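Student: Let me begin by handing over the structure; questions about it come next.
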Amino acid sequence: MKTTNKKRLTGVDIAGVAAIAAVLSLMQAPALAQTPAAHKLADGKPDFNGIWEALNTASWDIQDHTGQLGIPPGQGVVEGNEIPYLPAALAKKKENFANRKTADLTEANCFLPGVPRITYMPYPFQITQSAKAIAFSYEFAHALRVIHMEGQHPDPNSSLDTWLGDSRGRWEGDTLVVDSRNFNDQTWFDKAGNFHSDALHVVERYSLADAGHINYDVTIEDPKVFAKAWKMSMPLYRRMEKNAKLLEYECVFYLQEKRYKDAPFTKK
Amino acid sequence: MSRKPSRTNITFGVILTTAWLGSLMPANGQAPAADKSAPKATTPAPALARTPDGQPDIQGIYARRGIWGLADDEREANGPRGKEDPLEDDEYSELPDNPKPWFQGSGKNFAQGGGGGVTLVGPAPAEPRRFGLVDPSDKILPWKPEEDKKRRDFLMNTNPPASLRNVEYDARCSLPGLFLNGGPFEFIQAAKEVVILSEYQHYTRTIHLDGRPHLGSNIRLFMGDSIGHWERNTLIVDTTNFNEFTAFTRTIPYLSDALHTIERFTVVDRNNIDYEVTVDDPKLFTKPWKTAGLYRRGKDYEMAEFACAEGSQELVNIFGQPPSR
């Protein structure tokens, strides 16, 4: 539109603008019903409460992969598919892949799987959101992350390291941003050997696409392993079943029942 | 025993937000008769905050005290009492004729049940609380004789463990059930649910207040399936669907999958919640019994990560390395 036209606005033009505005607002009405406005808590924050689950094959391999016996095929969740490994780290990843049956501590020993792997394992998780704390509770190994909305990460140079990180949350508009550090170097991103060091820094972004979907975006930084930051992205699906509930997948217990079934072991 | 969940009495809740009446409620939740001792005008009445869906707001950090038979709050406050007989306070479950010690370490410490990391806030309730076994009043559990014998045999085979089954839950890093943990707990509340987070074993216990039925009977859980409702300031929680792997104390090393509990969390004041559990396990006992304790609020506290299986060598130490897989 030419600027000269603006100078010639007539009453009719103004009425037309008003009509357009009215139409626009009508068009927005159904859109509003889908946006967080209808799905917000009393404190104005989007309502993430409920049971969620990823629906992809990232747990097996976060990158593109073909199906194999016991491995469902899948398109990757890594933005651009390629992970910017440093040369030595790429060799390590290949070694991990070769040794994955025993070297993946989650698969072999039921150890806590780290972040974000815990999110996209094929088990549901629960978000409980109050003004005071946000808890992410996972069916796998009854893992729990409490997202602290206040405070700072422990000193990164301290000896403190954790399996699921120290997680600090903040709101950027309607997006819950969870910043996690203080990881150990024991967990992988998947069963395919993609890994990180104790310098891992994970930033997760949770935003409601609609009442039933979360857009989940993750930024991975780890200067010891990657040449630059990289991203994963996937939808998370609300479990819509009536009375959806986290049950218990007691991986450690089941493994003990298998390994120590015949204990005490008779010495030969 | 099961109660139909009822809606929170929101009308009553609104009244309570302006006048603190909870302290006038006896633990049974019934309205008091005219109570002369009530601190009406003299004591400032703390308002009981409400969550957006009208529940009494009990969010925060807690430690749980004394459901294992301890005599009084004084003992709790004084903590472990050195090297005294760890069974002394455990009168309702002791094994007087046990010729062989079955325990390791201090049973008293165990009974204290942790709570480490929690700095208690405010005084305990003024009036004496009821701790430990409160029903039956003779403090003798109504064991079925044959089940009591099985239990004693079981305990005799726990040191050293005769099998994996005889290994205590904490050596296995497994979920502890409802009883074997003193905290720190963090209570958070969302619409139609109360969620209890535990630092110990990093578990989550969700109490559903939305009127749903219990799970189907083929689903078995360490923590059971909990549905609840509020009656004034008492949260009543009905839990079923337990497996047979959770203990009450070291001397009650397992309960059965017939276990059915009814817990009553009665808000006494801002910092204290009376706690009472009815334990109904018809496979093991001739009748239900009841134990009581207290949840006490702690200062804000960030629960640490409690990785257990990731570092535990307990089973290897007990049994040696399992044959290679």
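Student: Using the Karplus equation 6.51 cos²θ - 1.76 cosθ + 1.60 (θ = phi - 60°), what ³J(HN,Hα) coupling, rounded to whole Hz, does each residue of the stretch A:128-142 give in order, writing x for Gly and Pro?
Tutor: These are the phi-based 3J(HN,Hα) values: 10, 10, 10, 5, 9, 7, 10, 10, 10, 10, 10, 5, 5, 6, 6 Hz.
Student: On to the next question. Could you go through the stretch B:175-188 in sequence order and give the Karplus-derived ³J(HN,Hα) for each residue, using 6.51 cos²θ - 1.76 cosθ + 1.60 with θ = phi - 60°, rounded to whole Hz, and x for Gly and Pro?
Tutor: Once θ is set to phi - 60°, the couplings for the stretch B:175-188 become 4, x, x, 7, 10, 8, 7, x, x, x, 10, 10, 8, 10 Hz.
Student: Would you mind giving the mean number of other chain beta-carbons within 10 Å of the Cβ of each residue in A:251-263, as a whole number? It would help to have the intermediate numbers written out before the result.
Tutor: Working: counts 1, 8, 9, 0, 3, 9, 3, 2, 8, 12, 3, 5, 13.
Average neighbour count from other chains, rounded to a whole number: 6.
Student: On average, how many beta carbons from a partner chain sit within 10 Å of the beta carbon of a residue in A:109-117?
Tutor: Per residue, the average neighbour count from other chains is 2.
Student: Let me check against my output: what whole-number percent is the relative contact order of the stretch A:143-268, with C-alpha pairs under 8 Å and at least 6 apart?
Tutor: 14
Student: While we're on this one: Identify the trypsin sites (Lys or Arg not before Pro) of the stretch A:198-254 meeting these criteria: DSSP loop state and at most 11 other C-beta atoms within 10 Å of the C-beta.
Tutor: When the trypsin sites (Lys or Arg not before Pro) of the stretch A:198-254 are filtered for loop state and at most 11 Cβ neighbours within 10 Å, A:K228, A:K242 remain.
Student: Can I ask one more? Using modelled amide H (1.01 Å from N, peptide plane; none on Pro or chain starts), what sits under 5 Å from the amide H of B:A304, excluding residues fewer than 5 places away?
Tutor: none
Student: Another question about this same structure. Among A:L41, B:L178, A:L112, what is the fewest-to-most ranking by other Cβ atoms within 10 Å?
Tutor: A:L41, B:L178, A:L112
Student: Something else: Name the residues whose placed amide hydrogens come within less than 5 Å of the amide hydrogen of B:G224, ignoring near sequence neighbours (fewer than 5 apart) on the same chain.
Tutor: B:N243
Student: Give me A:V177, B:V316 sorted ascending by neighbouring Cβ count inside 10 Å, so fewest comes first.
Tutor: B:V316, A:V177
Student: Roughly how compact is the stretch B:123-267, stated as its Cα Rg over 2.2 N^0.38 Å to two decimals?
Tutor: Cα-based Rg divided by the globular estimate yields 1.15.
Student: Looking at the stretch A:105-189, which trypsin sites (Lys or Arg not before Pro) are DSSP coil and have at most 15 other C-beta atoms within 10 Å of their C-beta?
Tutor: Numbers: sites: A:R117, A:K132, A:R145, A:R168, A:R170, A:R181; in loops: A:K132.
Hits after loop and neighbour filter: A:K132.
Student: Also: Run through every distinct alpha carbon pair of chain A and return the Kirkwood hydrodynamic radius in angstroms, one decimal place.
Tutor: Hydrodynamic radius (Kirkwood, Cα pairs) of chain A is 21.2 Å.
Student: Here's something else I'd like to know. In debye to the nearest 20, how big a dipole does the stretch A:122-222 give about its Cα centre with +1 on each Lys and Arg Cβ and -1 on each Asp and Glu Cβ?
Tutor: 280
Student: Please compute the average number of Cβ atoms from other chains found within 10 Å of each residue's Cβ in peptide A:42-49.
Tutor: Neighbouring Cβ atoms belonging to other protein chains average 2 per residue here.
Student: Enumerate the amide H contacts of B:R50 below 5 Å, restricted to partners 5 or more residues apart or on another chain; note that Pro and chain-start residues carry no placed amide H.
Tutor: Here B:D57 satisfy the definition.
Student: On C-alpha positions alone, give me the angle between the axis of helix A:11-34 and the longest principal axis of chain A, in degrees, nearest 10.
Tutor: With rounding to tens, the tilt is 20 degrees.
Student: Taking neighbour Cβ counts within 10 Å as the exposure measure, how do B:L255, A:L247, B:L155 sort from fewest upward? If you can, show how the numbers build up before the last one.
Tutor: Working: B:L255 23, A:L247 15, B:L155 20.
So the residues, fewest neighbours to most, are A:L247, B:L155, B:L255.
Student: Mind jotting down the distance between the C-alpha centroids of the stretch B:249-325 and the stretch B:135-150, whole Å?
Tutor: 20
Bear in mind that the values in this text are calculations on the coordinates, not laboratory data. None of the values given here were measured: they were computed from a predicted structure. Cβ atoms come from the backbone with ideal geometry, glycine included; neighbour counts cover every protein chain shown.
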